[in-house]
Amino acid sequence: MNEELVIPNHIGIIMDGNGRWAQERGMIRTMGHKTAVGTLKKLCVHMADMGVKYASLYAFSTENFKRDIKEVDFLMNLFIESFKKEFTFLKEKKVRVVFSGRREPLPEKVLEAMDQIVEETKEYSDLVLNICLNYGSHAEIVDMTKKVCEMYQDGEISLDDINEEFIQKNMYQDLPPLDYVIRTSGELRLSNFMMYQASYAEFYFPDVYFPDFTPEEFDKAIEVFQKRNRRFGGIKNEVKSS
Ligand code: IPE
Ligand code: IPE
Ligand code: MG
């Protein structure tokens, strides 16, 4: 790839298809989740090397608690293990980790591992990894609304303080809007992922399952992004009208 590439400032990745990846290989679904951790590590290093500034990763939705308890438990333990052991590359690449999502009803040990990784990486800023864990857009809007109402009730803000910038600041994380949303596995939906932040994002739906989403597959996504013509409701940006 050449140096002229436009790298999306904020990329969202809906890491889907782990279960099918495993099942197609005659393995149990959880093996797909385990393999996905290795894929994710390589992808994060690659994004950091490419100069991506923000990446939001959908790891577990508020709806994923509907799954079999054994799969949920496996995932919770995988989160703990991964945050503790697999994320050593973060320091080398100066990656900061933040989380989006509801803490309730995540197990205490998961919360501890999350808090630890946030604390250990808080000084870094080359790439911000926003891990969406027990995340749902609907829950985020409900939680943001409650927070803002409390501020109003306590007299900290007036109605005139509520504008789009203020709303963004009071989401789980104050991050710039998504430029590019990638969902692996061929499914064509958001599944409650960052609806507010994705209002002007471009979308890309590769057919590969997430465990096969290699840095090469990521590069293909970036190539596709180059051809998108973003207008944000205005007119094509090359020729400015006076
Ligand atoms: C995504 O893979 C990971 C999580 C939702 C935690 P899936 O587990 O949804 O895999 P498929 O979509 O069933 O293949
Ligand atoms: C979305 O995938 C959630 C994550 C990737 C973490 P799902 O597999 O849960 O979404 P649906 O159920 O197919 O819409
Ligand atoms: Mg899925």
(request) Could you tell me which of the residues 153, 168, 173, 116 is away from ligand 2 (no atom under 16 Å from the Cβ) and in contact with a Ser or Thr (Cβ under 6 Å, 6 or more places away or on another chain)? (result) 173
(message) Looking only at the stretch 141-185, how many residues end up being farther than 24 Å from residue 128 by Cβ, of a type in the set (S, T, N, Q) and surrounded by fewer than 17 Cβ atoms within 10 Å (Cβ to Cβ)?
(response) 3
(message) Looking only at residues that are farther than 19 Å from residue 136 by Cβ and away from ligand 3 (no atom under 13 Å from the Cβ) in the stretch 186-202, which one is surrounded by the most Cβ atoms within 10 Å (Cβ to Cβ)?
(response) 202
(request) Mind listing whichever residues of the stretch 173-193 are out of contact with any helix residue (DSSP H, G or I) (no Cβ under 6 Å at 6 or more places or on another chain), under 24 Å from residue 64 (Cβ atoms) and not acidic (Asp, Glu)? (result) 173, 175, 178, 181, 183, 185, 186, 188, 189, 190, 191, 193
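Given the criteria hydrophobic (A, V, I, L, M, F, W, C), within 16 Å of ligand 2 (Cβ to nearest atom) and within 26 Å of residue 52 (Cβ to Cβ), does residue 78 qualify?
Details: hydrophobic (A, V, I, L, M, F, W, C): yes; within 16 Å of ligand 2 (Cβ to nearest atom): yes; within 26 Å of residue 52 (Cβ to Cβ): yes.
Yes; evaluated as a whole, the condition is true for this residue.
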(request) Those residues that are β-branched (Val, Ile, Thr), open to solvent by 100 Å² or more (accessible area, probe 1.4 Å) and more than 15 Å from residue 43 (Cα to Cα), I need them from the stretch 65-99; list them, please. (result) 69
(request) Quickly run through the stretch 204-238 and pick out the residues that are open to solvent by less than 70 Å² (accessible area, probe 1.4 Å), out of contact with any Gly (no Cβ under 7 Å at 6 or more places or on another chain) and within 21 Å of residue 24 (Cβ to Cβ). (result) 206, 208, 212, 213, 214, 217
(request) Show the residue pairs that are 6+ apart or on different chains and have beta-carbon atoms under 8 Å apart, the first residue being within the stretch 4-22 and closer than 26 Å to residue 173 by Cβ and free of Cβ contacts under 8 Å to residues at least 24 places away in the same chain, the second being away from ligand 3 (no atom under 16 Å from the Cβ) and aromatic (Phe, Trp, Tyr). (result) none
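From 20, 25, grab the single residue that is surrounded by fewer than 22 Cβ atoms within 10 Å (Cβ to Cβ), part of a loop (DSSP other than H, G, I, E, B) and of a type in the set (D, E, K, R).
25
The values are calculated or read from the model by the stated rules, or taken from the named source; none is laboratory data. Everything numeric in this text was worked out from a predicted model, so none of it was measured. Ideal geometry is used to build each Cβ from the backbone, glycine not excepted, and the neighbour counts take in all protein chains shown. SASA here: full protein model, heavy atoms, side chains in, ligands and nucleic acids out. Shrake-Rupley method; radii C 1.70, N 1.55, O 1.52, S 1.80 Å.
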